């Protein structure tokens, strides 16, 4: 079942009344906040806890259970929570966080042989399925939301503590919960070869979705600001995928009689927001937080 408006507001860190529509491109943009009790980005730092969201649920998961079912139920939120960056462009029924992680996990299985021999591919697949798990409560915070990178990291760390200790700590001795948290932390730190590959996969999945939305909207929406993530891809093999994909995009826009819109069309402020997020591994340095590339990670 899709989330209600109130539940959706908590997932996105904005109340429903904060959105208006710009008729020039059907863009969703925040208007004045209501007194809904949902934290706005300017108020949020230092105030958010997992209970900020849990307290709004009609039925809260049972903590310290020996059964994994409460954890399974909470994961449903990953299926119903949308990736926020697309919604700024009026794509309100687009991919969920789970959709994004699922395709990432499949991409890891197609890792080019030149690097797969050097990696633990099952761990990469596990990492792809876990890396955005905290967004089940945190939501998909993007570079334009005004939440600092340090604050985003704090929220996600507290959420993973709740999931892996509160919900899984008594399940089979808690070992599986600890492994989930270790894999999540490995991705956030971005220091192992597996985590570097999965960070690249996160970006190529974003680029795929960017082009697919432009195609499905027949060129009525252009999402060029997301293309900047191609420059942040590290591994040559994944860079080759990105080059091929961006060539497909150029041909698509040429077929519509236009030059391929790209990162040069992004405002200076937006570019600074994006650069702050992608400078270094997740969870390190201050700056503006982000997910969905823009607009995931």
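The values are calculated or read from the model by the stated rules, or taken from the named source; none is laboratory data. Just so we're clear, the structure is a prediction, and the values are computed from it rather than from any experiment. In this analysis, Cβ positions are derived from the backbone assuming ideal geometry, glycine residues included, and neighbour counts consider all displayed protein chains.
Values computed for the structure shown
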{"item": "Condition met for residue 204 (in a helix (DSSP H, G or I), over 30 Å from residue 51 (Cα atoms) and in contact with a helix residue (DSSP H, G or I) (Cβ under 7 Å, 6 or more places away or on another chain))", "result": "yes"}
{"item": "Residue among 175, 136, 117 that alone is surrounded by fewer than 18 Cβ atoms within 10 Å (Cβ to Cβ) and closer than 24 Å to residue 66 by Cα", "result": "175"}
{"item": "Members of the stretch 76-89 that are more than 24 Å from residue 204 (Cβ to Cβ) and surrounded by 14 or more Cβ atoms within 10 Å (Cβ to Cβ)", "result": "77, 80"}
{"item": "Residue match in the stretch 234-242 (condition: assigned to a helix (DSSP H, G or I), exposed (fewer than 14 other Cβ atoms within 10 Å of the Cβ) and at pLDDT 95 or above)", "result": "yes"}
{"item": "Criterion violated by residue 22 - all others in (1) buried (at least 21 other Cβ atoms within 10 Å of the Cβ); (2) touching a strand residue (DSSP E or B) at 6+ places or on another chain (Cβ under 8 Å); (3) modelled with pLDDT under 50 satisfied", "result": "(1)"}
{"item": "2 or more residues modelled with pLDDT under 95: qualifying helices (runs of 4 or more DSSP H) within the stretch 57-117", "result": "84-87"}
{"item": "Boolean, residue 225 is over 14 Å from the mean Cα position of the chain (by Cα), in a helix (DSSP H, G or I) and modelled with pLDDT of 95 or more", "result": "no"}
{"item": "Residue count, the stretch 170-187 (criterion: more than 17 Å from the chain's Cα centre (by Cα) and closer than 20 Å to residue 77 by Cβ)", "result": "5"}
{"item": "In the stretch 30-48, residue modelled with the highest pLDDT [restricted to those that are loosely packed, with under 15 Cβ neighbours inside 10 Å and part of a loop (DSSP other than H, G, I, E, B)]", "result": "47"}
